[in-house]
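K.L.:
One structure, as C-alpha cells, below. Some questions next.
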Amino acid sequence: MIGLQWGDEAKGKIVDILTEQHDIVVRYQGGNNAGHTVVCQGQTYKLSLLPVGVLNPRVTSVIGPGVVVNPKALESEISMLAGRGVNVGQNLLISDRAHVIFPYHIAEEAAFERSRGNEAIGTTGRGIGTCYRDKIGRIHAMRVGDLLRPVSFKSRLKDVVDYKNTILKALTPGFEALDAEAIATEYLAHAERFKPHVTDTTSFLHKALANGKRLIFEGAQGSLLDIDHGSFPYVTSSNSSGSGLHNGSGVPERHLTKIIGVVKAYTTRVGGGPFPTELDNPTGEHIRKIGREYGTVTGRPRRCGWFDGVASSYGGRVSGVTCVAIMLLDVLSELDEIGICTHYEINGERTADFPSHVEDLAAAKPVYRMLPGWKQDISGVKKLADFPARARAYIDTIADLMGVPVTLLSVGPDREQTVML
Ligand code: IMP
C-alpha cells in the first residue's frame, strides 16, 4: 500500500480494511513523522509510528529495519492505545536493525531548518532526516539492537553526545549541552520495557512467507516525498515510494502479488516545496474545510489543490503499482467544476513527465482538463454503478492518467463508505 502523492492519501483506512485478509502488517520506512488516521468501530485513532495492524489483535505488526524509532514516541503511542482499551501485546515486533532517534537529532534538525529561513523544508521536526543522515554516515548511528547491550551502548553514546554537543553549541546560540548519562538512563529504561518486542524481523518475515502467511506492507508518506525519486530537497529522508519496501523490510520483490497505489481525488501537501496544482483561493479553502485537511502529526493546515495527473502517475510508475485506490472523492461533491492536471508547461514546453529538478517543478504551469462537478451527495454510494455519471467520468479520467485499474473508491471516513471494485 503506497501513497502516490505527497503523503496523507488516507492509506491508514485501506490498511485497516485489508488487515482482515492478512496475517502480518509491516511498516518499513519513516518514523513518527507519519500520521495515519483510522476510524474503527466508530472510534478515531491517530497512529504515527505503530503500524495500523496494532488495532487488530489477530494480526502481527512489524516495525521493520528501514523505520527510524523514537522510543519515547513509541511508548507514548502504546500507552495512548492502552488508555483506550487497545492493548499492544506480543503481536508487535520491532526490528533490532531499526535506527534510533535521539534528542540531538531533533535539536540538529531544528537548527538546520532555522538556518534555511524561507527555504526551510518544513519538516515535522521529529529528527527523522538527521537520524537517517547518521544511519547513512554510520559513525554516529545507533540501532534498536544496540540499546539491548547497555555497556557498549553507554560508552558509544558518550562519544556521540560529546561530538553532537560541539556541533549544536556552534549552531544554536545559548545551547545547553545534552547530558549523555541522562539520555542513556532514559533510553535504557525504554529499552527494558520494549525488549520483549525486539527481534530479527527480517528472519521472522522470511519464515512467515515460507509458511504461507499473508503480508501487507504499509507505506508511510508518499512517492513524491521519496528521497531519491521525489521533489528533492523538499522530501522526507526515506524511500517512501514502492522502492523502499524491499530494503526497508528485507522482503524481496518476487514475494509481492499486488501493489496498491493510493491517491486522493485531489492533491495536498504539507511543508515547503513547489506544488503546481495548488489552489491558493476559496476553492482550495473549501477542499481544506470539507476534507479536514490538517496534519495528523503537527496539526498544520495542508496546502490543497486539483488532482495532479503528472505527479501522481509518475508516483505510480516509480512505485510499480498494479492498481489504484481513490480516496476522499466525497470531498469534491459540492464543486461546480473540478480540474485535473494532465500536463505541465515548463518554459513554454508541454510535458507529461515529472521534472527531476526542483526549479523546473517550481516553473511548471499545470494544464487542466476541467470536468463538470456531480453536485450530489455520494457518501452513501455502495457500488460503482450508483455513482452519478459525472463522478464516473471523473474516476475514469484519473484511471486513464494513472494507466492502471481503479480497485477501490472511498467516499467517507468509515469502513462502510468504501466501494471495492
Ligand atoms: P520530515 O519527514 O519530518 O523530515 O519532513 C520532510 C517533508 O515530508 C516535510 O514536507 C513534511 O511535511 C513531509 N512529511 C513527512 N511525513 C509526512 C506525512 O506523513 N504526510 C505528509 N507529509 C509528510
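The values are calculated or read from the model by the stated rules, or taken from the named source; none is laboratory data. Just so it is clear, the model here is predicted, and its values are computed rather than measured. Counting neighbours? That spans all protein chains shown, and the Cβs are built from the backbone with ideal geometry, glycine included. In case anyone asks, the SASA skips ligands and DNA or RNA and just uses the protein heavy atoms, side chains included. Shrake-Rupley method; radii C 1.70, N 1.55, O 1.52, S 1.80 Å.
K.L.:
Looking at Glu20, is it without any contact (Cβ under 8 Å) to a residue 60 or more places away in the chain and charged (D, E, K, R)?
P.N.:
Numbers: without any contact (Cβ under 8 Å) to a residue 60 or more places away in the chain: yes; charged (D, E, K, R): yes.
Considered against the rule, which asks whether it is without any contact (Cβ under 8 Å) to a residue 60 or more places away in the chain and charged (D, E, K, R), Glu20 comes out as yes.
K.L.:
Follow-up question, since we're still on this one. For the stretch 32-48, which residues satisfy the criterion of being polar (S, T, N, Q), part of a strand (DSSP E or B) and away from the ligand (no atom under 11 Å from the Cβ)?
P.N.:
Gln43, Thr44
K.L.:
Please give the number of the condition Val54 fails out of (1) more than 16 Å from the ligand (Cβ to nearest atom); (2) in contact (Cβ under 8 Å) with a residue 12 or more places away in the chain; (3) more than 24 Å from Ala208 (Cβ to Cβ).
P.N.:
Failing condition for Val54: (3).
K.L.:
Having 2 or more residues that are farther than 22 Å from Lys13 by Cβ and without any contact (Cβ under 8 Å) to a residue 24 or more places away in the chain is the bar; report the strands (runs of 3 or more DSSP E) wholly within the stretch 263-370 that clear it. I'd like the intermediate steps shown before the answer.
P.N.:
Values: elements: 267-269, 303-305, 323-327, 337-346, 349-351.
By residue number, 337-346, 349-351.
K.L.:
Quick one: in the stretch 234-256, which of the residues that are more than 9 Å from the ligand (Cβ to nearest atom), surrounded by fewer than 24 Cβ atoms within 10 Å (Cβ to Cβ) and part of a loop (DSSP other than H, G, I, E, B) is nearest to the chain's Cα centre (by Cα)?
P.N.:
Ser243
K.L.:
Here are some conditions: (1) in a helix (DSSP H, G or I); (2) open to solvent by 10 Å² or more (accessible area, probe 1.4 Å); (3) within 16 Å of the ligand (Cβ to nearest atom). Asp228 meets all but one. Which one does it not meet?
P.N.:
(1)
K.L.:
Of everything in the stretch 277-301 that's more than 17 Å from Glu337 (Cβ to Cβ) and open to solvent by less than 20 Å² (accessible area, probe 1.4 Å), which residue is farthest from the ligand (Cβ to nearest atom)?
P.N.:
Pass one, the stretch 277-301, residues more than 17 Å from Glu337 (Cβ to Cβ): 278, 280, 288-289, 291-301.
Right, trim to open to solvent by less than 20 Å² (accessible area, probe 1.4 Å) and you get 291, 293, 295.
Numbers: Gly291: 14, Glu293: 11, Gly295: 7 Å.
Taking the candidates together, the pick is Gly291.
K.L.:
Those residues that are within 15 Å of Tyr104 (Cα to Cα) and more than 12 Å from the ligand (Cβ to nearest atom), I need them from the stretch 119-142; list them, please.
P.N.:
Across the stretch 119-142, the qualifying residues are Asp134, Lys135, Ile139, His140, Ala141, Met142.
K.L.:
Which condition number in (1) touching a Pro at 6+ places or on another chain (Cβ under 9 Å); (2) within 12 Å of the ligand (Cβ to nearest atom) is the one that Thr202 fails?
P.N.:
Failed condition: (2).
One line per residue, one yes/no per condition, for (1) closer than 30 Å to Arg97 by Cα; (2) open to solvent by less than 10 Å² (accessible area, probe 1.4 Å); (3) within 16 Å of the ligand (Cβ to nearest atom):
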residue	(1), (2), (3)
Pro274	no, no, yes
Gly305	no, yes, yes
Met327	no, yes, yes
Leu332	no, yes, no
Asp336	no, no, no
Thr342	no, no, no
Asn347	no, no, no
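K.L.:
Exactly one condition in (1) of a type in the set (Ser, Thr, Tyr); (2) away from the ligand (no atom under 16 Å from the Cβ); (3) open to solvent by less than 20 Å² (accessible area, probe 1.4 Å) is false for Ser79; which is it?
P.N.:
(3)
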